[in-house]
Amino acid sequence: MTAKGLQTSTNNTKVMGILNVTPDSFSDGGKFSSFDNALIQVEQMISDGVDIIDIGGESTRPGAVDVTEADELSRVIPLLKAIKAKFDIKVSIDTSKAEVMSQAIIHGADIINDVRALQNEGCLTVLANSDVPVCLMHMQGMPRTMQENPHYDDVIGEIKQFFIERIKVCEDEGINRERIILDPGFGFGKTLEQNYQLLAQLHQFSDLELPLLSGTSRKSMIGNLLQRNVDERLAGSLTTAIIAAQQNASIIRVHDVKETVDALKVLSMTQKYQ
Ligand code: 7PJ
């Protein structure tokens, strides 16, 4: 709120800032692999207006190598503990491993973000024994090969069906609907055209009446369309963030927090008058 009582942010879209701690993460390229640099990056994101910090200890880019549980735990948990001790900010943990989820929840994670939608062994049980929200992402295939030949007869319909099935499995395990966030998984087993169709039709998932997370930041769907390297994808990334926010996405997952917060403020200023 400003001094005049004007709302600076009527749009309630939250910004999730990506903090990659993987040495091979495609866009930060190991820049923040050290602990101290990660904390500096968190502090910067907080001053830029981030709502949630997403810590990922496993690279899921196409072709990335698998990370052991011990490596992932040692990358993620000490950082989570340090962030929670130092800052008052929500933290989400991007993982598909039950033990990482379990340790993360013990150490104060606010959200579990699983690109495999709790399909790995033990994950449903860990979440059922907690009260933490969980993001269920859609992926066709597996990271190593998912971009080889994605195929759908009806991309929206098939992803929606996947969500319905995973919501049912979660509910049957004791994870109630109120804790679930859905994500169509941009770039995870989708062609360029399918990614843009999904972005254009994100509103089609609103009948599931659950919060949506949209993650397009610096992805190949932007790079390949515009012929831009990862460090030249800001304009494209901001445009996709706005297109998602206009369709009521609840959370936008981004690298460029400051610029996205600015763009969302401009959007919300116009939304007051729509
Ligand atoms: C996503 C993610 C995404 C969710 C990654 C990258 C690849 N989690 N983790 N949604 N992408 N929920 O950032 O390019 O789109 S890792």
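Each value in this text was obtained by applying a stated rule to the coordinates, not by laboratory testing. Predicted, not measured: the structure shown is a model, and the values here were computed from it. As a convention, Cβ positions derive from the backbone with ideal geometry for all residues, glycine included, and neighbour counts pool all protein chains shown.
Taking segment 195-246 on its own, what percent of its Cα-Cα pair distances exceed 16 Å?
Working: 528 of 1326 pairs.
Roughly 40 percent, rounded to a whole number.
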Handout entry: Least to most buried among V65, V76, V230 (fewest other Cβ within 10 Å first)
Key = V65, V230, V76
Practice task
For the chain, return all DSSP H helices satisfying: extent of Cα atoms along own axis at least 15 Å; mean Kyte-Doolittle hydropathy at least 1.0.
Solution key: 234-246
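Based on DSSP H runs of at least 4 residues, each adding -39500 (n - 2.57), what is the mean residue ellipticity at 222 nm of the chain after dividing by all its residues, to the nearest 500 deg cm²/dmol?
-12500 deg cm²/dmol
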Practice task
Mind giving me the nanometre distance, one decimal, between the label points for V65 and I106, set 7 Å out from Cα along Cα→Cβ?
Solution key: 2.8 nm
Practice task
For a footprinting-style exposure proxy, rank E99, E72 by other Cβ within 10 Å, fewest first.
Solution key: E99, E72
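For a quick check of your reading of the filter: which chymotrypsin sites (Phe, Trp or Tyr not before Pro) in segment 179-274 sit in a DSSP loop and have no more than 12 other Cβ atoms within 10 Å?
Numbers: sites: F186, F188, Y196, F205, Y273; in loops: F186, F188, Y273.
Passing sites in segment 179-274 are Y273.
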Exercise for the section: Step through the table entries K160/K190; K84/K265; K14/K90; K90/K258; K97/K160; K14/K81, compare each Cα-Cα distance with 20 Å, and write down the pairs that go over it. Expected result: K84/K265; K97/K160; K14/K81
Practice task
List the extent of the Cα atoms of the chain along each of their three principal axes, largest first, rounded to whole Å.
Solution key: 49, 48, 39
Handout entry: Distance in nm between pseudo-label sites at K258 and E121 (7 Å out along the Cβ direction from Cα)
Key = 4.7 nm
Problem - Contour excess over end-to-end distance, with Cα ends at I164 and N224 and 0.36 nm allotted per residue - result: 18.5 nm
Problem - Cα centroid separation, segment 96-156 to segment 202-274 (Å) - result: 22 Å
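Counting other beta carbons within 10 Å of each Cβ, put C170, C123 in order, fewest first.
Result, fewest neighbours first: C170, C123.
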